[in-house]
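> One structure, as structure tokens, below. Some questions next.
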Amino acid sequence: MEIEEIFKDEIINEAKVLVSEYKFSLDGISKTITIKIYKNIRTGYYEFYQSHFIHTPLQAGPYITSRPWNDTEDLALNQAISGFTQFYNAAIKNGYKPDDSWLVENKDFK
């Protein structure tokens, strides 16, 4: 029996399986970022959830992607991490020094 078959009943919603979990930090920031990637059993997409959002002095607010999923695990992970590195690198290039305050806790992260 295929996994998808087990979850075929219409009363089951949001069926997904944890595929991987990654932890890392950014240079000059002591907080640890966690990225969890789940595979949605119905859609096949890889959805990512992150423990923090980046909010550098150059940004009006924390960066929260409007599309937290991708076609493959590696594309989802790259998308999640590049959200941090792009804003981090832009702030450094503009003369800012990294600070723990750049990472805003995601209150919905579990």
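Throughout, read-outs are computed from the coordinates displayed, never taken from laboratory work. Please read these numbers as outputs of a predicted model, since none were measured by experiment. Note: ideal-geometry Cβ built from the backbone for every residue, glycine included; neighbour counts use all protein chains shown.
> Can you find a residue in region 90-107 that is among the basic types (K, R) and within 23 Å of I37 (Cβ to Cβ)? Spell out the reasoning first.
If we filter region 90-107 for residues that are among the basic types (K, R), which is where we start, we get 93, 97, 107.
Filter once more, so that each one left must be within 23 Å of I37 (Cβ to Cβ): 107.
Checked region 90-107: at least one residue is among the basic types (K, R) and within 23 Å of I37 (Cβ to Cβ).
> Hey, another quick one. Taking I92 as the residue in question, decide whether it is over 17 Å from F109 (Cβ atoms), out of contact with any Pro (no Cβ under 6 Å at 6 or more places or on another chain) and outside any loop (DSSP other than H, G, I, E, B).
Details: over 17 Å from F109 (Cβ atoms): yes; out of contact with any Pro (no Cβ under 6 Å at 6 or more places or on another chain): yes; outside any loop (DSSP other than H, G, I, E, B): yes.
Here the answer is yes, as I92 does meet what is asked.
> Residues to consider are D74, D27; find the one that is surrounded by 11 or more Cβ atoms within 10 Å (Cβ to Cβ) and farther than 20 Å from K107 by Cβ. If you could, list the steps in order and put the result at the bottom.
Numbers: D27 fails: surrounded by 11 or more Cβ atoms within 10 Å (Cβ to Cβ).
Being surrounded by 11 or more Cβ atoms within 10 Å (Cβ to Cβ) and farther than 20 Å from K107 by Cβ holds for just one of D74, D27, which is D74.
> Looking at region 1-16 only, could you name the residues that are touching a residue at least 24 places away in the same chain (Cβ under 8 Å), of a type outside the set (A, V, I, L, M) and not in a loop (DSSP other than H, G, I, E, B)?
If the condition is that a residue be touching a residue at least 24 places away in the same chain (Cβ under 8 Å), of a type outside the set (A, V, I, L, M) and not in a loop (DSSP other than H, G, I, E, B), then E4, K16 are the ones that fit.
> Take the residues in region 88-109 that are surrounded by 13 or more Cβ atoms within 10 Å (Cβ to Cβ) and in contact with a strand residue (DSSP E or B) (Cβ under 8 Å, 6 or more places away or on another chain); name whichever of them is nearest to Y22 (Cα to Cα).
F109
> Inspect region 1-22 for any residue being of a type in the set (A, V, I, L, M, F, W, C) and under 11 Å from the mean Cα position of the chain (by Cα) and give the result as yes or no.
Filtering region 1-22 for residues of a type in the set (A, V, I, L, M, F, W, C) gives 1, 3, 6-7, 11-12, 15, 17-19.
Filter again for under 11 Å from the mean Cα position of the chain (by Cα), leaving none.
No.
Here is a yes/no grid of residues against (1) among the acidic types (D, E); (2) free of Cβ contacts under 8 Å to residues at least 24 places away in the same chain; (3) surrounded by fewer than 14 Cβ atoms within 10 Å (Cβ to Cβ):
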{"position": "L18", "(1), (2), (3)": "no, yes, yes"}
{"position": "Y22", "(1), (2), (3)": "no, no, no"}
{"position": "Y38", "(1), (2), (3)": "no, yes, no"}
{"position": "I41", "(1), (2), (3)": "no, no, no"}
{"position": "P62", "(1), (2), (3)": "no, no, no"}
{"position": "R67", "(1), (2), (3)": "no, yes, yes"}
{"position": "A80", "(1), (2), (3)": "no, no, no"}
